[in-house]
Amino acid sequence: MAKDKAKAKAKVIVVTSGKGGVGKTTTSASFATGLARRGYKTVVIDFDVGLRNLDLIMGCERRVVFDFVNVIHNEARIQQALIKDKNLENLYVLAASQTRDKDALTQDGVERVLNELKNDFDFIICDSPAGIEKGAHLAMYFADEALIVTNPEVSSVRDSDRVLGLLASKTQKVESGQGRLKEHLVLTRYNPKRVEQGEMMSVDDVKEILSIELLGAIPESPAVLTSSNDGSPVINDQESDAGKAYDDLVARFLGEDRPHRFMNVEKKGLLAWLLGS
């Protein structure tokens, strides 16, 4: 879907979950990249102060001079801290600080930076840290929509349910009487074979517990780790199932009708059975 020529209001999207290690940063990087590839000017912000990872996945770690905290504390202008993607002219990264603690983020400072970014960008993606403390709260507080990232396992889904409770009560939108954020479910590391064997929760199981609509199921794939190590969001690897799944996810977010793939066990053809593969 191409970007409409008329300038729409900038949207702030938080990528969040209660549990660490579920794929939030991987999702943030691919989601932002997918939006930029479709013509939307997009910035992705790392809110994980002290544990900076987004710049590694985006392949720009050596280009970080100033960071999000520098901008909040007026130690640098936002134009100095934004890192332009080498491959996409309308994609930018705002890295987290590795040397400050989480108290370096302030609500007023975050609001000021987001308001400034809204003047130039179509989408602002907030990559939330794990947990439900200050950094995660600030990442979600000013959001318009949320991507809830979870793995198909009980503890991850339970933690995501806690985050949904916060999204329903602790955001600026809710507090000002504008209603709840629009919430989208992103199910990562999905393996339909393990679901079939009863080792993993199904999509329907997760949807029933969280009561939000599925935006995309990202299959387990070695391409995710390979892409991260290469400093390239996995959506750029369109030979991989995970890359294709993220591309579908972005398309659905923008209103395209894309069927969900990689959610069922592939049936072997006769030749595959004969060859024993």
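The values are calculated or read from the model by the stated rules, or taken from the named source; none is laboratory data. These figures come from a predicted structure and were not determined experimentally. Neighbour counts are summed over all protein chains in view; Cβ atoms, including those assigned to glycine, are modelled from backbone coordinates with ideal geometry. For the accessible areas, the whole protein counts, side chains as well, though only heavy atoms, and no ligand, DNA or RNA atoms are used. Shrake-Rupley method; radii C 1.70, N 1.55, O 1.52, S 1.80 Å.
Axis of helix 154-167 versus longest Cα principal axis of the chain: the two differ by about 40°, to the nearest ten degrees.
Among the listed pairs Lys182/Lys244; Lys41/Lys182; Lys86/Lys244; Lys41/Lys244; Lys86/Lys207; Lys24/Lys86, those whose Cα-Cα separation exceeds 28 Å are Lys86/Lys207. Expressed as a fraction of 2.2 N^0.38 Å, the value expected for a compact globular protein of N residues, the C-alpha radius of gyration of the stretch 13-86 is 1.12.
Annotation: extensible slack from Glu213 through His73 equals 46.6 nm (criterion: 0.36 nm per residue apart, minus Cα-Cα distance). Seen against the Cα atoms of the chain and their longest principal axis, helix 24-37 is set at about 80 degrees. Two numbers describe the Cα atoms of the stretch 11-275: Rg and Dmax, which are 18.3, 66 Å. Give me the percent of the accessible area of the stretch 11-275 that comes from carbon and sulfur atoms, probe 1.4 Å, all protein chains in place. Reported share for carbon and sulfur atoms: 45 percent. Model label sites at Arg258 and Asp101, defined 7 Å from Cα along the beta-carbon direction, differ in position by 4.2 nm. Once both labels are positioned 7 Å from their Cα atoms along Cα-to-Cβ, the gap between Glu153 and Lys86 label points is 3.4 nm.
Taking every alpha-carbon pair under 8 Å whose residues sit at least 6 apart, the stretch 11-275 reaches a relative contact order of 23 percent. Per-residue ellipticity at 222 nm computed for the chain from its helices equals -10500 deg cm²/dmol, with DSSP H segments shorter than 4 residues left out and the rest contributing -39,500 (n - 2.57).
What whole-number distance in Å separates the alpha-carbon centres of the stretch 226-248 and the stretch 61-105? Going from one Cα centre to the other spans 24 Å.
Solvent-accessible area of Arg112, all protein chains in place: 90 Å² (probe radius 1.4 Å, heavy atoms, ligands and nucleic acids excluded).
Residues considered: Leu249, Leu210, Leu147. Largest GNM mean-square fluctuation over the chain, using C-alpha springs under 10 Å, is found at Leu210.
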